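First comes the structure, then the notes that go with it.
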Amino acid sequence: MKKLFAFLAFTLLLTPAQAQLPVDGTSYYLPKTELQFRFLVEKTDYTPGQLAMYAERYMKKTDVSLAPSTTHKIIDMQMNAVGTPDTAKHYTLTLDKRFTISQVERMDNGILLAINSDAPAVEKPASFIPARKVPVPDPKNYMNEDILTAGSSAKMAELIAQEIYDIRESRNLLSRGQAEFMPKDGEQLRIMMNGLNIQEQALMQVFDGLTVKDTTEVVISFIPSEPVDHQLFFRFSKWEGFTDVDDLSGTPYYISVTGDIKKEEENSTKETKKPKNDIGLRVNMPTKAKVTVFDEEKEMKSYELFLGQFGETEILSGDLFGKKQTTKMTINPVTGGLESIKEQPISN
């Protein structure tokens, strides 16, 4: 954020010729509202087990796939609005000794934030932090010598299956209090049960295979310029994730922007009746809209918010910053509308 201070007293030191030069000013933008959609996408990688072909024979499992696969799924969608400079609304604020403007704040991208006031911090969405990956146990670490030296894959599958059934039997005996060596307390029992669970999980990988899930964040931005109804937004494939909008292998997702809004070129700007003291100060009068995202024809989520690119642009008079009073104001960085305005008398 940049703070610009106008030291008006400096003009008193100028020569008469210099004083007649055009008054200094600072340029700024009003924002248009950008919609940032944040999708959490879960990617699932499946690798078949080494002995998957024996899963039905020894473990009575009929749903084990023998082919590797990768699938994608949208598990969450959130939207946040940010302001981006509207190049059609680029103005210059006059800074001269006639007006009591001592402080102007802009964002780094030039969007006007405040005059004669400290602007509130611009909120940013929380950064996506991937979950810590859980280490996967290696089945070989839980195989005895007989299993590791088995002469065929069928024999190895038979021995691993027997080991798994023995683990399950030991766990059942512990839970019933019938094991030959019972733990002394509840914590020891928990440790023993957890160890058996890890052993079974590791050995079952040779039949079930390994499924690894990873969640990533994908951000898609959309800047409405006109009302839209079921406009193609993006495509998403179970097998490929996000795809090009013209890739018909992806399921179409649509977006609608509705409300009492007009196209940008139809917006009326009150430029015909300029105030006597026009110092180049403009603010947006944003319009409320409803934004809806559809999964084909099914509504996923909808949001209601104000959009800075719709509605009118209002001219504020330099009389707000006169000799007897001054004004403090803050401007919404997302919509460009007035956030707060407060007049203060100037004591002599």
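The values are calculated or read from the model by the stated rules, or taken from the named source; none is laboratory data. Only a predicted model underlies this, so the values are computations on that prediction, with no experimental measurement involved. Cβ sites come from the backbone with ideal geometry, for glycine too, and all protein chains shown count toward neighbours. Protein only, heavy atoms only, side chains kept; ligands, DNA and RNA dropped before computing areas. Shrake-Rupley method; radii C 1.70, N 1.55, O 1.52, S 1.80 Å.
Please state which one of PRO125, PRO135 is within 30 Å of ASP76 (Cβ to Cβ), out of contact with any helix residue (DSSP H, G or I) (no Cβ under 7 Å at 6 or more places or on another chain) and open to solvent by less than 100 Å² (accessible area, probe 1.4 Å).
Every option except PRO125 fails the conditions.
Within the option set THR149, THR92, being out of contact with any Cys (no Cβ under 7 Å at 6 or more places or on another chain), closer than 30 Å to MET329 by Cα, at pLDDT 90 or above and not aromatic (Phe, Trp, Tyr) holds for one residue only, THR92.
Scan segment 309-321 for residues that are open to solvent by 20 Å² or more (accessible area, probe 1.4 Å) and under 21 Å from SER102 (Cβ atoms) and the total you get is 4.
Any chance segment 334-341 includes a residue that's small (Gly, Ala, Ser), at pLDDT below 90 and surrounded by fewer than 19 Cβ atoms within 10 Å (Cβ to Cβ)?
Taking segment 334-341 and keeping what is small (Gly, Ala, Ser), we get 336-337, 340.
Next, only the ones that are at pLDDT below 90 stay: none.
No: segment 334-341 contains no residue that is small (Gly, Ala, Ser), at pLDDT below 90 and surrounded by fewer than 19 Cβ atoms within 10 Å (Cβ to Cβ).
Here GLN162 does not fit the description of being within 28 Å of GLN50 (Cα to Cα), outside any strand (DSSP E or B) and either touching a strand residue (DSSP E or B) at 6+ places or on another chain (Cβ under 8 Å) or in contact (Cβ under 8 Å) with a residue 40 or more places away in the chain (or both).
Here is a yes/no grid of residues against (1) modelled with pLDDT of 95 or more; (2) open to solvent by less than 40 Å² (accessible area, probe 1.4 Å); (3) assigned to a helix (DSSP H, G or I):
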position: ARG38; (1), (2), (3): yes, no, no
position: TYR46; (1), (2), (3): yes, yes, no
position: ILE74; (1), (2), (3): yes, yes, no
position: SER102; (1), (2), (3): no, no, no
position: ASN109; (1), (2), (3): no, no, no
position: LEU112; (1), (2), (3): yes, yes, no
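Restricting to segment 104-120, name every residue that is farther than 9 Å from THR330 by Cα and either touching a Phe, Trp or Tyr at 6+ places or on another chain (Cβ under 9 Å) or among the aliphatic types (A, V, I, L, M) (or both). Residues satisfying the conditions are VAL104, ARG106, MET107, ASN109, GLY110, ILE111. The set of residues in segment 274-301 that are open to solvent by 50 Å² or more (accessible area, probe 1.4 Å), without any contact (Cβ under 8 Å) to a residue 40 or more places away in the chain and part of a strand (DSSP E or B) comprises LYS288, LYS290, LYS298, GLU299.
Condition first: of a type in the set (S, T, N, Q) and free of Cβ contacts under 8 Å to residues at least 60 places away in the same chain. Can you find one or more residues in segment 117-137 that meet it? So far as segment 117-137 goes, yes, one or more of its residues are of a type in the set (S, T, N, Q) and free of Cβ contacts under 8 Å to residues at least 60 places away in the same chain.
Going by the conditions given, is GLY318 under 24 Å from the mean Cα position of the chain (by Cα) and not β-branched (Val, Ile, Thr)? No; evaluated as a whole, the condition is false for this residue. In segment 138-159, the qualifying residues are those that are touching a residue at least 40 places away in the same chain (Cβ under 8 Å) and farther than 25 Å from PHE181 by Cβ, and the one that is surrounded by the most Cβ atoms within 10 Å (Cβ to Cβ) is ALA157.
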